[in-house]
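A short write-up of the structure that comes next.
The values are calculated or read from the model by the stated rules, or taken from the named source; none is laboratory data. Just so we're clear, the structure is a prediction, and the values are computed from it rather than from any experiment. Cβ placement follows ideal geometry from the backbone for every residue including glycine, while neighbour counts extend to all protein chains displayed.
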Ligand SMILES: Nc1ncnc2c1ncn2[C@@H]1O[C@H](COP(=O)(O)OP(=O)(O)OP(=O)(O)O)[C@@H](O)[C@H]1O
Ligand SMILES: [Mg+2]
């Protein structure tokens with residue numbers, strides 16, 4: 001992870017035990033890896049370690065280098081600089097047939113003219129597996145993804161989710177030690193996608209395979225991965241557990257990329273080890289955050305406050321920090337909760353995630369109503385980049 005961006009002193013650092021450093025049971029080690037395509041630098045010095053049995057997600061916007069990194073791990077693309085070690089061995093020195101890696105591509109095309117079982121058997125046959133062993137392994141792989149009853153069907157006779165499971169069986173049947181999944185769920189609609197995410201985690205757990213998955217869906221990464229890395233422009237900008245990255249983003253980019261958030265720009269007016277005060281033109285009162293930062297007084301910072309940490313009230317809050325007054329300008333009803341957009345007197349719009357229960361208690365404010373937004377000192381995170 002890039003250390004320069006994390007200015008938190010007291011808040012838990014994302015990283016530590018879960019950072020890119022080696023911990024002994026690392027299965028994959030990516031060391032100072034750079035990838036250039038002519039003028040384009042697709043991957044700019046990535047360091048990353050993935051532990052045995054871990055489900056690791058690479059996350060980032062389009063073109064940030066996710067697929068390129070995965071393709072290098074699969075040995076499909078050479079490394080311009082740096083080194084990739086799998087189980088302690090240099091990938092570049094391993095002949096392709098000895099690489100314990102299987103990759104499922106961004107568009108996982110099944111062979112349309114072949115049955116489900118032939119699709120799954122294809123790679124094994126190429127390796128010379130035959131007869132009873134071939135049959136058993138194909139059956140076991142299909143059983144694992146609960147597709148054994150569809151063995152004789154052709155891909156076009158299956159739903160999107162079923163096809164996806166066949167593609168997964170095709171990857172797992174070769175018993176790779178490292179499974180690389182590039183946007184495995186991109187072809188699925190939201191509902192099947194959510195179900196498949198859970199199934200996939202269970203299957204990977206059963207097999208015990210180490211898996212690196214690329215996605216640009218942050219919810220998917222949050223629900224599935226043990227740890228994740230947020231990438232931007234060829235670099236890892238933050239690395240940690242989903243909880244660490246969500247609760248303690250280390251930059252504006254990370255805070256906005258993982259989940260949505262409210263960002264208040266201001267300047268530090270008091271900095272102590274256990275708290276910091278920030279003045280922002282966007283709020284009538286100071287911001288108070290219950291952790292310190294590293295930096296001089298007056299330093300420009302941004303405070304990130306997640307929508308679910310913001311409470312809506314009708315009455316003016318007591319206390320001289322962390323609140324604003326405004327009018328309701330938009331309400332998005334989401335079922336169990338509503339997203340209230342409150343435009344403050346400064347012109348700043350704050351989004352609050354209000355549960356239906358909480359709404360009842362404040363007599364459901366509507367468009368144009370005057371309300372207050374407020375949050376606690378532990379709700380904010382100070383960002384310096
Ligand atoms: N073979 C190639 N030749 C030249 N440039 C390439 C090549 N492959 C990738 N790139 C460039 O490298 C950068 C990273 O591409 P990559 O495919 O890794 O992005 P990505 O993060 O997977 O994006 P997406 O989410 O859209 O799949 C892009 O700018 C892309 O245009
Ligand atoms: Mg890609």
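Looking only at the stretch 22-73, filter to residues that are away from ligand 1 (no atom under 11 Å from the Cβ) and outside any strand (DSSP E or B); which one of those is farthest from the chain's Cα centre (by Cα)?
24
Among the residues of the stretch 72-83, is any surrounded by 15 or more Cβ atoms within 10 Å (Cβ to Cβ), within 16 Å of ligand 2 (Cβ to nearest atom) and on the phi > 0 side of the Ramachandran plot?
no
Counting just the residues of the stretch 114-148 that are touching a residue at least 24 places away in the same chain (Cβ under 8 Å) and over 13 Å from residue 168 (Cα atoms), which one comes out surrounded by the fewest Cβ atoms within 10 Å (Cβ to Cβ)?
Step by step, filter the stretch 114-148, then rank; the result is 127.
Can you tell me which condition residue 298 does not meet? The list is (1) within 30 Å of residue 221 (Cα to Cα); (2) surrounded by fewer than 16 Cβ atoms within 10 Å (Cβ to Cβ); (3) free of Cβ contacts under 8 Å to residues at least 40 places away in the same chain, and all the others hold.
The failed condition is (1).
For residue 183, only one of the following conditions fails: (1) surrounded by fewer than 17 Cβ atoms within 10 Å (Cβ to Cβ); (2) modelled with pLDDT under 90; (3) under 25 Å from residue 52 (Cβ atoms). What is its number?
(1)
If you go through the stretch 245-263 one residue at a time, how many are outside any strand (DSSP E or B) and buried (at least 21 other Cβ atoms within 10 Å of the Cβ)?
Let us first name the residues in the stretch 245-263 that are outside any strand (DSSP E or B), namely 245-261.
Filter once more, so that each one left must be buried (at least 21 other Cβ atoms within 10 Å of the Cβ): 245, 248-251, 254-255, 257-258, 261.
Final tally of qualifying residues: 10.
Conditions (1) within 16 Å of ligand 2 (Cβ to nearest atom); (2) over 25 Å from residue 102 (Cα atoms), marked per residue:
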{"site": "202", "(1), (2)": "no, no"}
{"site": "207", "(1), (2)": "no, no"}
{"site": "210", "(1), (2)": "no, no"}
{"site": "213", "(1), (2)": "yes, no"}
{"site": "218", "(1), (2)": "yes, no"}
{"site": "224", "(1), (2)": "no, no"}
{"site": "259", "(1), (2)": "no, yes"}
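Tally the residues that are part of a helix (DSSP H, G or I) and either crowded, with 22+ Cβ neighbours inside 10 Å or out of contact with any helix residue (DSSP H, G or I) (no Cβ under 6 Å at 6 or more places or on another chain) (or both), restricting the search to the stretch 221-241.
Looking only at that region, the number is 2.
Considering only residues that are surrounded by fewer than 15 Cβ atoms within 10 Å (Cβ to Cβ) and part of a loop (DSSP other than H, G, I, E, B), look in the stretch 149-167 and name the one that is modelled with the lowest pLDDT.
Per the stated criteria, the residue is 159.
(1) farther than 24 Å from residue 211 by Cα; (2) not in a helix (DSSP H, G or I): which one isn't true of residue 146, the others all being true?
Only one criterion is unmet by residue 146, namely (1).
Output the residues belonging to the stretch 197-213 that are crowded, with 23+ Cβ neighbours inside 10 Å and touching a helix residue (DSSP H, G or I) at 6+ places or on another chain (Cβ under 6 Å).
Once the filter is applied, which keeps residues that are crowded, with 23+ Cβ neighbours inside 10 Å and touching a helix residue (DSSP H, G or I) at 6+ places or on another chain (Cβ under 6 Å), the stretch 197-213 yields only 211.
What pairs come out if I take residues in the stretch 154-183 that are over 13 Å from residue 104 (Cα atoms) and touching a residue at least 12 places away in the same chain (Cβ under 8 Å) and pair them with residues that are within 16 Å of ligand 2 (Cβ to nearest atom) and part of a loop (DSSP other than H, G, I, E, B) whose C-beta lies under 8 Å away, six or more apart or interchain?
Qualifying pairs under 8 Å: 160/187.
Take the conditions within 16 Å of ligand 2 (Cβ to nearest atom), touching a strand residue (DSSP E or B) at 6+ places or on another chain (Cβ under 6 Å) and either in the same structural domain as residue 221 (by TED's automatic domain parsing) or under 27 Å from residue 165 (Cα atoms) (or both) and apply them to residue 67. Does it pass?
yes
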